[in-house]
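J.: Just dropping this structure here.
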Amino acid sequence: MGEVHLLNSEDQQVTDPAFVKEAGGFTFFGDACLEAITKCPYTVRVASEIAHVLSLPRRQLDGFLGALGGGLTSKGQLLAALRQCKSLQALREEDVSAIVDAGDPIRYSPGELIAVANPTMAATAFYLVRSGELLLLPASVQLPANITEVDVTQAEQLAVGRLTAGGLYNEMVLSAPAAPLQAHLIARAPGTVVTIFELASITKALGAPGGLLHRGAQQQAQQQQYLQQQQQQYLQQQQYMLQQQQQPQAHLPGAVVPSMAQ
């Protein structure tokens, strides 16, 4: 109900049937955002005394699309995804479950920035893609200050990698010294959900700083040391058997052994 006018950059009224469309007796516009975040080419102004307009924010649409898109939906799937991380493989199931609960799942629209690589700032989190897709832009790409979203098409041209559901990024923050992110993280697909695991939240969930994560790393190191010791013992046994085989065989009982001439 009502009427709207389109105004171009020079504040002149224009018509554009490719922008304002009709379907089922209704008029709609802005559907281009379904493909990617894009700047509106016109100013849309109400031209009647009353206009009933239903606004559908992109984030809400992504909520519907994400529900249909699948991804990691169960806690079991999240646990299995985190088990990819070597620093967590030695932990008990309940400890990894506590880490899952400590994560913060956030839904993003295409083009939204998830994390910005700052060469002067150490990273304090790692990321798990639950649904959708991420683009990895090299840290050398300069982004404007306070920017919150970028053009997906341009980002795809610059991307050095992608992550889909189940992908982990920067998990080495659990075991390595603090270091800056190596790439900007940008949502590419509708319904992209990323769980962010902050080190502070993990520490709080598991207890003392470095607590279970440190013990888990110790257990893993002990297991590796034990395997190395077993392998070394096996090699020593093989070497001993080989030496025995190479020694002259002793005479059989009852055999006559020539004596050496005096």
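J.: What full-extension length gain, to one decimal in nm, is calculated for S74 and S9 as 0.36 nm per residue of separation minus the Cα-Cα distance?
T.: Working: separation 65, 0.36 × 65 = 23.40 nm, distance 4.81 nm.
Working it through step by step, the gained length comes to 18.6 nm.
J.: What accessible surface, in Å², does a 1.4 Å probe find on M121, ignoring ligands, DNA and RNA and rounding to the nearest 10?
T.: Accessible surface of M121 is approximately 120 Å².
J.: Compute the separation of the alpha-carbon centres of segment 165-203 and segment 104-154 and state it in Å as a whole number.
T.: Spelled out, the Cα-based centre of one part sits 10 Å from the other.
J.: If you take every residue apart from L128 with its C-beta less than 12 Å away from the C-beta of L128, what net charge results, scoring Lys and Arg +1 and Asp and Glu -1? List each step's numbers first, then the result.
T.: Numbers: positive: R83, R130; negative: D104, E171.
Counting the neighbours of L128, the net charge comes to 0.
J.: Counting other Cβ atoms within 10 Å of each Cβ, which trypsin sites (Lys or Arg not before Pro) in segment 77-126 have at most 13 and sit in a DSSP loop? Walk me through the numbers before you get to the answer.
T.: On the way: sites: R83, K86, R92, R107; in loops: R83, R92.
The qualifying sites are R83, R92.
J.: While we're here: For segment 74-213, what is the largest minus smallest coordinate of the Cα atoms on each principal axis, given in angstrom and ordered from greatest to least?
T.: For segment 74-213, the Cα spread along each principal axis is 43, 33, 22 Å.
J.: Starting from the Cα of R45, move 7 Å in the Cα-to-Cβ direction to define the label point; list residues of segment 4-30 whose amide nitrogen is under 15 Å from there.
T.: 4-15
J.: Can you give me the distance in nm between label points at Q225 and L56, each placed 7 Å from the Cα along the Cα-to-Cβ direction?
T.: Roughly 6.1 nm, to one decimal.
The values are calculated or read from the model by the stated rules, or taken from the named source; none is laboratory data. Just so we're clear, the structure is a prediction, and the values are computed from it rather than from any experiment. Neighbour counts are summed over all protein chains in view; Cβ atoms, including those assigned to glycine, are modelled from backbone coordinates with ideal geometry. Areas reflect the complete protein model, heavy atoms only, side chains present, ligands, DNA and RNA absent. Shrake-Rupley method; radii C 1.70, N 1.55, O 1.52, S 1.80 Å.
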